[in-house]
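K.L.:
Mind having a look at this structure? Questions to follow.
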Amino acid sequence: MAYFKYQDKSVFYKEYGQGEPLIFLHGNTASSKMSELLMPLYADSFDGRTLNENFSENLIAERKAAKADTQAKQFYEWCQGADWEKVVDLDTEALLKCAEKKLPLFHKPLQELKIPVLFMGSRADESCRNNLEEEYKEMAAVLPQSCIHLFPCGGHPAIFTNAEKAAALIKDFISQHVMQ
């Protein structure tokens, strides 16, 4: 298994296919398994910058509901294994501390990012800020190789609730921006 060190932690990653790297980042409490279904589409051929004011309350409610939902529990177990509940609890604790201390969500200026970025989300995503489009536009303004796509409907994450359209969008983005 491949790992890299970040802040004295071992971070797992997987490589698929060949060529220039393309990085898929999953959300908290998910894992690289979230992208496995997308890999066959790409192997061969990123809420804004701050947390919304109701982040902590929404997170607590979402996690409580998720722990009571059979499908959510199965998803967490699929991503994290048998100790999924501990992972979710520790992640929730870390995110609540981040919100309480108003820690920055980015550790370096966005302008330092020199790769193509696809901002993709859903206007109906209950986990994101209400001004997601404005946030995406402000970030895209400093990232010349970026594109924005917001689905009119669908929950969190958009990559699942709009899976087929998201897959096509990602494939098109890669062919236009990465495979040049």
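K.L.:
It is to be established whether one or more residues within segment 153-160 are within 17 Å of the chain's Cα centre (by Cα), part of a loop (DSSP other than H, G, I, E, B) and closer than 19 Å to GLU53 by Cβ. Reasoning before the result, please.
P.N.:
Within segment 153-160, the subset within 17 Å of the chain's Cα centre (by Cα) is 154-160.
Next, from what is left, pick out any that are part of a loop (DSSP other than H, G, I, E, B): 154-157.
Going one step further and asking which of them are closer than 19 Å to GLU53 by Cβ, we end up with 156.
So far as segment 153-160 goes, yes, one or more of its residues are within 17 Å of the chain's Cα centre (by Cα), part of a loop (DSSP other than H, G, I, E, B) and closer than 19 Å to GLU53 by Cβ.
K.L.:
For segment 132-158: of the residues being more than 26 Å from GLN111 (Cβ to Cβ) and hydrophobic (A, V, I, L, M, F, W, C), which is surrounded by the fewest Cβ atoms within 10 Å (Cβ to Cβ)?
P.N.:
CYS153
K.L.:
With LEU96, LEU51 as the choices, which residue is in contact with a helix residue (DSSP H, G or I) (Cβ under 6 Å, 6 or more places away or on another chain) and closer than 30 Å to PHE173 by Cα?
P.N.:
None of the other options fit; the residue is LEU51.
K.L.:
When you go through LEU95, LEU118, LEU105 one by one, which is the residue that is touching a strand residue (DSSP E or B) at 6+ places or on another chain (Cβ under 8 Å), of a type outside the set (Gly, Ala, Ser) and within 20 Å of PRO157 (Cα to Cα)?
P.N.:
Numbers: LEU95 fails: touching a strand residue (DSSP E or B) at 6+ places or on another chain (Cβ under 8 Å); LEU105 fails: touching a strand residue (DSSP E or B) at 6+ places or on another chain (Cβ under 8 Å).
Of LEU95, LEU118, LEU105, the one residue that is touching a strand residue (DSSP E or B) at 6+ places or on another chain (Cβ under 8 Å), of a type outside the set (Gly, Ala, Ser) and within 20 Å of PRO157 (Cα to Cα) is LEU118.
K.L.:
Let me ask something additional. Against the condition farther than 22 Å from HIS149 by Cα, loosely packed, with under 12 Cβ neighbours inside 10 Å and among the basic types (Lys, Arg), how does LYS102 come out, does it pass? Even if it seems obvious, please write down each step before you answer.
P.N.:
Numbers: farther than 22 Å from HIS149 by Cα: yes; loosely packed, with under 12 Cβ neighbours inside 10 Å: yes; among the basic types (Lys, Arg): yes.
Considered against the rule, which asks whether it is farther than 22 Å from HIS149 by Cα, loosely packed, with under 12 Cβ neighbours inside 10 Å and among the basic types (Lys, Arg), LYS102 comes out as yes.
K.L.:
What pairs come up if the first residue lies in segment 151-180 and is more than 18 Å from ALA30 (Cα to Cα), the second is part of a helix (DSSP H, G or I) and of a type in the set (Lys, Arg), and their beta carbons are under 7 Å apart, counting only those six or more places apart or on different chains?
P.N.:
Going by the 7 Å Cβ cut-off, the qualifying pairs are PHE151/LYS165.
K.L.:
Within segment 134-146, does at least one residue satisfy the condition of being of a type outside the set (Asp, Glu) and touching a Pro at 6+ places or on another chain (Cβ under 6 Å)?
P.N.:
yes
Every number here is computed from the coordinates shown, using simple stated rules; none is lab data. None of the values given here were measured: they were computed from a predicted structure. All Cβ positions, glycine included, derive from the backbone under ideal geometry; neighbour counts span all protein chains shown.
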